[in-house]
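One structure is given here, and the rest of the page talks about it.
The values are calculated or read from the model by the stated rules, or taken from the named source; none is laboratory data. None of these values were measured; they are calculated from a predicted model. Every residue, glycine as well, gets a Cβ built from its backbone with ideal geometry; the counts of neighbours run over all protein chains shown.
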Amino acid sequence: MFDVIWLTLAVIVGLLHLGIAAQMAQKYRPNDWGVGPRDTPMPSQGAAARMERAYHNFMETFPLFAAALLAVVVQNKSGGLSHVGAILYVIARIVYIPLYAFGVKYFRTLSWVIATVGIVLVVIAAL
């Protein structure tokens, strides 16, 4: 149950990523752009562009995290490693958002590394 709660929290973090990216990008797009076919690209700039990249980065790592954590739950292997890995992943991904938004070097990368270590711990727990 503990791991499922952290998986759900990770989904909330993903929605947070998406919401922030969409809200910040709106500044660079006409009001009706989002309801149309979006044939003309409207690239963002600055922090809005960074939030779009942060969201895409989350979407690259989340399926790996989710699959590993579900493997742990299905096999009934929840425990120390999976718990620590899930916590590391979710907390590091939360911290990643403002670090990327403000363009903080090194610590953003450290946050990504910690989240990745979290995934690895969950994978180890699943094996």
* To do: Pick out the one residue from ALA22, ALA48 that is farther than 27 Å from ALA126 by Cα, crowded, with 16+ Cβ neighbours inside 10 Å and over 12 Å from the mean Cα position of the chain (by Cα).
  => ALA48
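Every residue in the stretch 36-61 that is farther than 18 Å from GLY103 by Cβ and either modelled with pLDDT of 75 or more or of a type in the set (Ser, Thr, Tyr) (or both), please. It would help to see each step written out before you state the result.
Residues of the stretch 36-61 farther than 18 Å from GLY103 by Cβ: 36-42, 59-61.
Matches in the stretch 36-61: PRO37, ASP39, THR40, PRO41, MET59, GLU60, THR61.
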* Could you grab the pairs with beta carbons closer than 6 Å, sequence gap of 6+ or different chains, first residue in the stretch 73-97 and more than 13 Å from LEU127 (Cβ to Cβ), second one of a type in the set (Asp, Glu)? => VAL73/ASP3; SER78/ASP3; ALA86/ASP3
* Structure fact -> Selection from the stretch 93-107 of residues in a helix (DSSP H, G or I) and either among the hydrophobic types (A, V, I, L, M, F, W, C) or touching a strand residue (DSSP E or B) at 6+ places or on another chain (Cβ under 9 Å) (or both) yields ILE94, VAL95, ILE97, LEU99, ALA101, PHE107
* To do: For ALA10, state whether it is among the aliphatic types (A, V, I, L, M), closer than 17 Å to ILE91 by Cβ and modelled with pLDDT of 95 or more.
  => yes
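Run down LEU110, LEU16 and say which single residue is among the hydrophobic types (A, V, I, L, M, F, W, C), part of a helix (DSSP H, G or I) and free of Cβ contacts under 8 Å to residues at least 12 places away in the same chain.
On the way: LEU16 fails: free of Cβ contacts under 8 Å to residues at least 12 places away in the same chain.
When all the criteria are applied, what remains is LEU110.
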